[in-house]
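Right, one structure below, let's go through it.
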Amino acid sequence: MTDTVVRFFQEGGLFMYPIAIVLVLGVAIAIERFVYLSMAKNANRSAFDKAILPLLKKRDYKRALEFSNDSSTAIASIVGAGLSRLINRQKREDIEYAMEEGLMETLPRLEKRTQYLATLANVSTLLGLLGTIIGLIAAFTAVANADPAEKASLLSQSISVAMNTTAFGLMSAIPLLLCHAVLQTKTNEIVDSFEMAGVKLLNIISEQPSINKD
């Protein structure tokens, strides 16, 4: 099995190496992003469900704000922005705007480098096609100067080798696209949890007469 993989890689030509580099880079980004998003999801869920939400239900907004200011989680930053407006007795609209601003500040950290995976997948595919085209050009050039009896055999072998780069390019691109889809889904889940936390905060404080509705 190993010999087959090595032979496949060697027969593909020089373009197999940049495709391999793109694949390794994409896998490294995918692993880093998956670990980061998984940790962020767990940390934010724990911070809100176990600390902030119980304080909000008790109407202990000052302690909730103190916890939000001390916490390094994104959800605490978003909720804290809303709570600071609430304690200053600002309007409901101002609280919503503050939390939306906090969400917009958080999004770049969640989406960081994820879009690179789609780009790397496209680059991998294009490198594979380019390698195949260059390989075919070299094959037809060699066949033109070959013995007529060997042309068919030589051409078929050359085309087979040239197609290796396209195959490897697709083999690299498909997993990267799948990783991009998975990471995008995890990011959307985290953003949805932020929005749900904001809705819960607004629902809790909406019962207070101190939140202006004028």
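The values are calculated or read from the model by the stated rules, or taken from the named source; none is laboratory data. This is a predicted model, so every value here is computed, not measured. Positions of Cβ are backbone-derived with ideal geometry, glycine not excepted, and every protein chain shown enters the neighbour counts. Just so you know, the surface numbers come from the protein's heavy atoms only, side chains and all, with ligands and any DNA or RNA stripped out. Shrake-Rupley method; radii C 1.70, N 1.55, O 1.52, S 1.80 Å.
Evaluation of Ser72 against the conditions (1) at pLDDT 90 or above; (2) not in a helix (DSSP H, G or I) shows that the sole unmet condition is (1). Condition test on Thr125, is it open to solvent by 30 Å² or more (accessible area, probe 1.4 Å), within 22 Å of the chain's Cα centre (by Cα) and under 30 Å from Glu11 (Cβ atoms)? Answer is yes for this residue. Answer with yes or no whether Arg7 is modelled with pLDDT under 90, basic (Lys, Arg) and assigned to a loop (DSSP other than H, G, I, E, B). Judged against the criteria, Arg7 is not a match. Here Pro108 meets each of (1) over 30 Å from Ile159 (Cβ atoms); (2) open to solvent by less than 30 Å² (accessible area, probe 1.4 Å) with one exception, condition (2). The lone criterion from (1) more than 11 Å from the chain's Cα centre (by Cα); (2) part of a helix (DSSP H, G or I); (3) among the basic types (Lys, Arg) left unmet by Arg109 is number (1).
Taking the criterion of being part of a helix (DSSP H, G or I), within 30 Å of Ser160 (Cα to Cα), over 24 Å from the mean Cα position of the chain (by Cα) and among the acidic types (Asp, Glu), would at least one residue in the stretch 30-51 satisfy it? No. Considering only residues in the stretch 95-105 that are surrounded by fewer than 14 Cβ atoms within 10 Å (Cβ to Cβ) and free of Cβ contacts under 8 Å to residues at least 24 places away in the same chain, the one that is nearest to Ser84 (Cα to Cα) turns out to be Glu101.
For the stretch 1-58, what are the residues that are of a type in the set (D, E, K, R), open to solvent by less than 90 Å² (accessible area, probe 1.4 Å) and more than 16 Å from Pro175 (Cβ to Cβ)? Show your work before the answer.
First pass over the stretch 1-58, keeping only residues of a type in the set (D, E, K, R): 3, 7, 11, 32-33, 41, 45, 49-50, 57-58.
Of the ones still in play, those that are also open to solvent by less than 90 Å² (accessible area, probe 1.4 Å) are 11, 32-33, 41, 49.
If the condition is that a residue be of a type in the set (D, E, K, R), open to solvent by less than 90 Å² (accessible area, probe 1.4 Å) and more than 16 Å from Pro175 (Cβ to Cβ), then Glu11, Lys41, Asp49 are the ones that fit.
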